[in-house]
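**Q** Okay, handing you the structure first.
The values are calculated or read from the model by the stated rules, or taken from the named source; none is laboratory data. Just so it is clear, the structure is predicted and the values come from calculations on it, not from any experiment. Methodologically, a virtual Cβ is constructed for each residue, glycine included, from the backbone with ideal geometry; neighbour enumeration extends over all protein chains shown.
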Amino acid sequence: MKRKFPFIIILMALSISPAYADEKIDRHQYACDNGNAKECNTLGMIYYSQGLYPKAEALFKRSLKVFKVILGEQHPFVATSLNNLAELYKTQGKYKKAEPLYQQALKIDEKALGKKHPAVAIDLNNLAGLYKSQGKYKKAKPMFQRALKIREVALGGQHPDVAQSLNNLALLYEFLGHYKKAKPMFQRALKITEKSLGKNHPSTKTVKKNYKTLLKQMKK
């Protein structure tokens, strides 16, 4: 699974025959049964996308266990598995289960990759999103801000991931009623996505929709 945002796989957007999909699942299952943790993770993602959460949970746990044994508990692949399992719990509203997993993933990546690595920004974004979902905005805000700063330095100011962080932070400000802070962030995010991804890209359309919503709120 690509690290780690958004928690969506390409298979969801493809039009494939059921027979071909079953064949792919069988291949992933065979490899997983033979100790391939990556394949267990991939199969878990497929089941997650289908809403088969118990199956996905079992596979994510299996992948996590294998990675810990083979690579050690402080490896970035372990962090990825923790994030995937945490995202699954978050989707189901199991926030108390998700939070320590997100936190552990963040600590692992900070230690293994450095505190300014883009993967750390993803971890921060994930954890901040969890806090935002629970209404813990004071905890979410500094994490979104830190994720943005890391991405700006590591990826450059015109990278789509920077736009994503700007959009997330702008949405938080909008929710808090800080419209004047949110507006320039949406504007910058939209400019980045239009330039780097194109005006018709889904991410660009999402930012544009969010920006228009803010403008309507400001007129009330």
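**Q** Test of understanding: among Gly157, Gly198, Gly135, which residue is modelled with pLDDT of 95 or more, in a loop (DSSP other than H, G, I, E, B) and at positive phi?
**A** Gly198
**Q** Same structure again: Restricting the search to region 78-94, which residues are over 16 Å from Leu52 (Cβ atoms), among the hydrophobic types (A, V, I, L, M, F, W, C) and either over 11 Å from the mean Cα position of the chain (by Cα) or surrounded by fewer than 24 Cβ atoms within 10 Å (Cβ to Cβ) (or both)?
**A** Val78, Ala79, Leu82
Conditions tested, residue by residue: (1) assigned to a helix (DSSP H, G or I); (2) at pLDDT 95 or above; (3) farther than 23 Å from Glu87 by Cβ.
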| position | (1), (2), (3) |
| --- | --- |
| Leu148 | yes, yes, no |
| Ala163 | yes, yes, no |
| Asn168 | yes, yes, no |
| Leu172 | yes, yes, no |
| Phe186 | yes, yes, yes |
| Lys216 | yes, no, yes |
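**Q** Can you confirm whether Asp109 is touching a Leu at 6+ places or on another chain (Cβ under 9 Å), in a helix (DSSP H, G or I), of a type outside the set (A, V, I, L, M) and farther than 15 Å from Tyr48 by Cβ?
**A** No: the conditions fail for Asp109.
**Q** Scan region 118-172 for residues that are aliphatic (A, V, I, L, M) and touching a residue at least 60 places away in the same chain (Cβ under 8 Å) and report the count.
**A** The total comes to 2.
**Q** Scanning region 53-64 for residues that are over 19 Å from the mean Cα position of the chain (by Cα) and not charged (D, E, K, R), which turns out surrounded by the most Cβ atoms within 10 Å (Cβ to Cβ)?
**A** Residue satisfying both the conditions and the ranking: Ala58.
**Q** I need a count of the residues in region 57-104 that are within 17 Å of Ala37 (Cα to Cα) and either acidic (Asp, Glu) or free of Cβ contacts under 8 Å to residues at least 40 places away in the same chain (or both).
**A** So the answer is 22.
**Q** State whether the residues of region 108-117 include one that is free of Cβ contacts under 8 Å to residues at least 24 places away in the same chain and either within 12 Å of the chain's Cα centre (by Cα) or within 27 Å of Glu57 (Cα to Cα) (or both).
**A** Checking region 108-117: at least one residue is free of Cβ contacts under 8 Å to residues at least 24 places away in the same chain and either within 12 Å of the chain's Cα centre (by Cα) or within 27 Å of Glu57 (Cα to Cα) (or both).
**Q** What single numbered condition from (1) farther than 29 Å from Tyr47 by Cα; (2) surrounded by 24 or more Cβ atoms within 10 Å (Cβ to Cβ) fails to hold for Lys138?
**A** (2)
**Q** Only one of these is surrounded by 18 or more Cβ atoms within 10 Å (Cβ to Cβ) and under 20 Å from the mean Cα position of the chain (by Cα): Ala182, Ala170. Name it.
**A** On inspection, the qualifying residue turns out to be Ala170.
**Q** Now for a separate question. Condition first: free of Cβ contacts under 8 Å to residues at least 40 places away in the same chain and either β-branched (Val, Ile, Thr) or surrounded by 15 or more Cβ atoms within 10 Å (Cβ to Cβ) (or both). Now tell me which residues in region 192-210 satisfy that.
**A** Ile192, Thr193, Glu194, Ser196, Leu197, Thr204, Thr206, Lys208
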